[in-house]
Amino acid sequence: MRAPRVGLAAIPVSVQAPLWWVGAHGGAGVSTLAQLVPGSMGAGTAWPQPEYGEAHCALVCRSNLSGLRAAQTAMTQWASGAAPHGVQLLGLVVVADAPGRRLPRPLRDLTRVITGGVPQVWHLGWSEAWRIEHVPSLDAAPRTVTSTIRELTDLTRSLATARGLTEEKDPR
């Protein structure tokens with residue numbers, strides 16, 4: 001696979017985290033996920049490049065056309081070996097860009113195509129409450145959202161345990 005001409009930059013990180021959120025584009029939801037999933041960290045729109053060891057990453061994108069295309073480019077960058085050494089892509093989080101349970105057919109088809117190349121896919125539904133909350137919480141979020149966040153929290157905990165990293169207590 002050939003690397004795309006344009007891809008995500010790499011940023012050196014000196015902090016170890018069990019899970020890094022990597023935004024395929026700005027506004028993907030990286031900072032929200034970092035706030036909601038204890039122990040995880042956001043890398044913005046760049047691949048984290050650790051001083052040593054590996055960086056376990058989950059790519060994040062919105063479910064609109066530009067978000068999915070940005071995710072496709074970042075995944076191609078990773079699959080071609082053009083991402084920094086040590087980046088382990090665990091999966092893709094597709095964050096709803098609008099209310100509603102179902103994507104339009106062209107976006108569903110594109111999602112199916114681009115998610116075929118990642119180990120795991122998580123769909124994070126729409127949370128109306130997050131539009132007006134300064135700090136997002138799970139209190140008013142829909143059940144589908146809270147179950148996805150809990151799954152990602154469990155993943156982060158298991159990665160922290162496997163790597164011997166300490167993690168914060170879950171505030172839930």
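The values are calculated or read from the model by the stated rules, or taken from the named source; none is laboratory data. Quick caveat: nothing in here was measured; it's all calculated off a predicted structure. Please note: Cβ atoms are built from the backbone with ideal geometry, for glycine as well, and neighbour counts cover all protein chains shown. These area figures cover heavy atoms from the full protein model, side chains too; ligands, DNA and RNA do not enter into them. Shrake-Rupley method; radii C 1.70, N 1.55, O 1.52, S 1.80 Å.
What longest region of the chain stays clear of GluC sites (Glu not before Pro) that DSSP places outside H, G, I, E and B and that have at most 15 other Cβ atoms within 10 Å? With a cap of 15 other Cβ atoms within 10 Å, the longest stretch comes to 55-132.
Short-range pairs are left out: with C-alpha atoms under 8 Å and at least six residues apart, the relative contact order of the chain is 24 percent.
I need the trypsin sites (Lys or Arg not before Pro) found in region 97-133, filtered to DSSP loop residues with at most 11 other beta carbons within 10 Å of theirs. Answer by residue number: R101, R102. Legend: calculated FRET efficiency, V121 to S31, from the Cβ-Cβ distance at R0 = 25 Å, rounded to 0.05, equals 0.75. For region 21-102, applying the loop criterion from DSSP together with a ceiling of 14 other beta carbons within 10 Å to the chymotrypsin sites (Phe, Trp or Tyr not before Pro) yields Y52.
To put it simply, the accessible area of the chain at a 1.4 Å probe is 52 percent carbon and sulfur. Rounded to 0.05, the FRET efficiency of the R143 and L165 pair, given R0 = 35 Å and the Cβ-Cβ distance, is 0.75. Here the chain is treated with +1 on each Lys and Arg Cβ and -1 on each Asp and Glu Cβ, and its dipole about the Cα centre works out to around 640 debye. Considering the values (i) 10, 41, 40, 9, 0; (ii) 10, 36, 32, 17, 5, 0; (iii) 10, 40, 36, 13, 1, which represents P(r) over Cα pairs in 10 Å bins from 0, in percent as calculated for the structure under consideration? It is the one labelled (iii). Computing FRET efficiency as 1/(1 + (r/R0)^6) for R112 and D154, where r is the C-beta to C-beta distance and R0 is 25 Å, gives about 0.45.
In this structure region 18-157 gives 47 Å² per residue of accessible area when probed at 1.4 Å with all protein chains present. Under the membrane-span-like helix rule (DSSP H runs whose alpha carbons stretch at least 20 Å along the helix axis, mean Kyte-Doolittle hydropathy -0.5 or higher), the chain yields 65-79, 143-163.
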